[in-house]
1. Can you list the helices (runs of 4 or more DSSP H) lying wholly within the stretch B:168-245 that have 2 or more residues being surrounded by fewer than 22 Cβ atoms within 10 Å (Cβ to Cβ) and within 10 Å of another protein chain (Cβ to nearest Cβ)?
2. Tell me which residues, restricted to the stretch B:77-103, are at the interface with chain A (Cβ under 10 Å from one of its Cβ atoms) and of a type in the set (D, E, K, R).
3. Which number in (1) within 25 Å of the chain's Cα centre (by Cα); (2) open to solvent by less than 20 Å² (accessible area, probe 1.4 Å); (3) more than 14 Å from chain B (Cβ to nearest Cβ) marks the one condition that A:A116 misses?
4. Can you pull out the residues in the stretch B:253-273 that are open to solvent by less than 40 Å² (accessible area, probe 1.4 Å) and either away from chain A (no Cβ under 14 Å) or over 23 Å from B:L188 (Cβ atoms) (or both)?
5. Quick one: is A:G9 in contact (Cβ under 8 Å) with a residue 24 or more places away in the chain, within 12 Å of chain B (Cβ to nearest Cβ) and either touching an Asp or Glu at 6+ places or on another chain (Cβ under 7 Å) or among the polar types (S, T, N, Q) (or both)?
6. When you scan the stretch A:25-36, do you find a residue that is within 11 Å of chain B (Cβ to nearest Cβ) and surrounded by 24 or more Cβ atoms within 10 Å (Cβ to Cβ), even just one?
7. Kindly indicate which of B:C106, B:C110 is within 14 Å of chain A (Cβ to nearest Cβ), more than 33 Å from the chain's Cα centre (by Cα) and at pLDDT 95 or above.
8. Restricting attention to the stretch B:56-81, which residues are touching a strand residue (DSSP E or B) at 6+ places or on another chain (Cβ under 6 Å) and open to solvent by less than 50 Å² (accessible area, probe 1.4 Å)?
Amino acid sequence: MKELVVISGKGGTGKTSIVASFAALAEKKVIADCDVDAADLHLILGSKIQKKNEFAGGKLAVINPDLCTGCGICTELCRFDAVSPVNGKTGIPGVSINRLMCEGCGVCANFCPVNAIELKEKVSGEWYISESRYGPMVHARLGIAEDNSGKLVSLVRLNAKNIAENRKYDLVIIDGSPGIGCPVIASVTGASLVLAVTEPTLSGLHDLKRVISLAEHFNIRLVVCINKYDINTDMSRQIEEYCLTKKLKVVGKIPYDTIVTKAQIAGASVVEYAGKPVTFSIKKMWREIFYIIG
Amino acid sequence: MKHNLTIAVASGKGGTGKTTIAANLAYSIGYNVRLLDCDVEEPNSHIFLKPEIVSREKIGVPVPEIDESKCNYCGECGRICVFSAIVPLKDSIITFPELCHGCGGCSLVCPEKAIKEIDRETGVLEIGWSDKIEFVQGRLNIGEAMSPPLIRAVKKHVKKDGITIIDAPPGTSCPVIESVKDSDYVVLVTEPTPFGLNDLKLAVGMVRELGIPFGVVVNRATIGDRCMDSYCLKENIKILLKIPDKRKIAEAYSRGELAVNAFPEYKYIFEELFSLISGEILEETEYKL
């Protein structure tokens with residue numbers, strides 16, 4: 001069972017567009033959209049939800065206003081600015097707990113002298129098993145302001161692997177999220193191969209370096225794709241030279257083409273929509289990756 | 001008129017142009033302005049503002065350290081911890097500092113006062129100057145999962161007297177909330193594509209839940225269709241500015257150049273944007289009064 005994870009560091013480099021094309025090109029695979037914060041892949045793959053599940057990621061402190069004495073201990077102990085007195089420091093009972101700030105640690109509930117606070121399980125998102133134009137897909141939606149994205153990402157990955165095993169498929173392709181934090185770490189640890197999609201800009205190179213450090217930190221094999229490479233061929237060259245010093249393979253250099261957006265608007269992947277240099281480079285890149293991943 | 005104004009620049013989708021807007025806005029305001037780069041996982045605004053960094057501070061989160069000579073293995077710390085960061089066994093205690101959220105619960109609950117909190121470094125806070133623009137950024141250490149504590153440290157530098165521009169990370173989850181909360185106004189940057197619209201809707205939901213007034217900047221406005229205009233009209237959302245999709249703009253960006261420097265007309269455009277935003281905030285304040 002191989003897992004290919006597509007990440008970028010910098011947002012907007014083209015991860016989802018590329019994964020959509022891979023979905024069209026690869027056979028016998030399960031697709032996982034692990035960008036649980038802002039999932040977009042289902043928009044292109046025409047996914048029909050077969051099963052919807054709730055994700056209970058963490059807890060939330062809930063106050064019973066009838067029991068509150070206004071002692072203020074909860075406000076004092078909360079490290080996350082989630083608890084505040086309703087009427088300011090007037091000594092009038094009543095606190096409000098901000099659901100967006102509450103981390104569900106339970107300290108306020110634990111130390112409330114009158115047990116006016118309860119720590120409750122909360123539904124912080126949903127995850128779905130869908131059937132797409134190109135096979136099974138697992139994706140998710142994390143609720144607004146929620147944390148525990150790492151847990152939801154791990155759940156999506158696990159379910160994608162299970163489906164692959166059931167259907168005797170060898171490959172899971174994962175669309176990751178931008179950044180290098182919790183959801184990205186949860187997407188890449190233990191993966192067979194990471195594809196870092198970058199763009200020929202100073203920001204792109206800066207962020208790529210951090211992604212490369214992340215892969216080194218977790219000891220995962222990484223290859224690079226320079227998307228929209230002809231926007232700045234000098235920067236592309238700089239990126240290639242950097243990859244050379246790090247002994248990292250550049251598996252693809254995709255030219256900029258407005259047809260990529262047209263394909264997205266049409267709800268199609270690039271390789272389905274266009275028969276142009278851009279399609280050719282994506283197909284070439286896929287062949288390279290397929291060979292590397294084994 | 002307010003003495004201090006905090007404008008956060010956010011988006012749902014990554015790569016729409018938050019840093020472009022934040023950096024150019026700060027630069028065009030030019031004085032009594034501070035930029036906080038809260039995208040601590042991948043901070044980029046320094047590429048455009050090129051600040052001289054004058055101070056670096058290591059930022060840590062409190063994690064438990066157990067004095068096993070005092071510990072009686074009662075297990076209370078394990079019971080209170082919802083993150084499984086402290087696991088008492090029969091005659092030893094294991095901690096998983098990377099899972100710790102720093103709530104302080106274990107230390108508070110320990111009957112033997114055997115738990116002390118120590119700082120675990122998660123990143124670095126850098127402060128500097130670019131011309132007359134004050135600059136603060138956080139840079140998360142590689143391998144760290146949690147950005148909110150470092151973002152909180154950056155947010156401590158919101159100006160009390162002057163203008164603060166916040167460059168937020170992409171998305172709508174807790175790092176973004178941490179960056180955006182308590183701002184006077186949020187600029188949501190988007191692009192007129194299906195992905196852009198899908199993610200903008202999530203971002204709008206977030207800002208509405210936070211109860212902060214907001215407007216939209218449509219970047220690369222000529223690449224897509226009219227979906228963005230229809231959506232904003234229907235939702236009564238103000239489009240503050242539309243930036244066309246021009247190769248020259250992309251090329252200048254790729255070289256780390258500010259649009260206001262590369263293209264003189266953009267100086268006026270960003271000044272106008274700031275005027276518009278100030279007007280929106282004033283209107284909102286008057287409405288509330």
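The values are calculated or read from the model by the stated rules, or taken from the named source; none is laboratory data. In this text, all values refer to a predicted model and were calculated from it rather than measured experimentally. Here Cβ is always computed from backbone atoms with ideal geometry, including for glycine, and neighbour counts include all displayed protein chains. Note: accessible area is taken over every heavy atom of the protein model, side chains too, but ligands, DNA and RNA are not part of it. Shrake-Rupley method; radii C 1.70, N 1.55, O 1.52, S 1.80 Å.
1. On the way: elements: B:174-180, B:194-210, B:227-234.
In the stretch B:168-245, the matching helices (runs of 4 or more DSSP H) lie at B:194-210.
2. Listed by number, the residues that qualify are B:R79, B:E98.
3. Going through the list (1) within 25 Å of the chain's Cα centre (by Cα); (2) open to solvent by less than 20 Å² (accessible area, probe 1.4 Å); (3) more than 14 Å from chain B (Cβ to nearest Cβ), A:A116 breaks only (1).
4. B:S254, B:G256, B:V260, B:A262, B:F263, B:Y266, B:F270, B:L273
5. Working: in contact (Cβ under 8 Å) with a residue 24 or more places away in the chain: yes; within 12 Å of chain B (Cβ to nearest Cβ): yes; either touching an Asp or Glu at 6+ places or on another chain (Cβ under 7 Å) or among the polar types (S, T, N, Q) (or both): yes.
Yes; evaluated as a whole, the condition is true for this residue.
6. The first filter runs over the stretch A:25-36 and keeps only residues within 11 Å of chain B (Cβ to nearest Cβ), leaving A:35-36.
Right, trim to surrounded by 24 or more Cβ atoms within 10 Å (Cβ to Cβ) and you get A:35-36.
Yes, the stretch A:25-36 contains a residue that is within 11 Å of chain B (Cβ to nearest Cβ) and surrounded by 24 or more Cβ atoms within 10 Å (Cβ to Cβ).
7. On the way: B:C106 fails: more than 33 Å from the chain's Cα centre (by Cα).
Testing whether each residue is within 14 Å of chain A (Cβ to nearest Cβ), more than 33 Å from the chain's Cα centre (by Cα) and at pLDDT 95 or above leaves just B:C110.
8. The answer is B:I59, B:G60, B:V61, B:P62, B:V63, B:P64, B:I66, B:G75, B:C77, B:G78.
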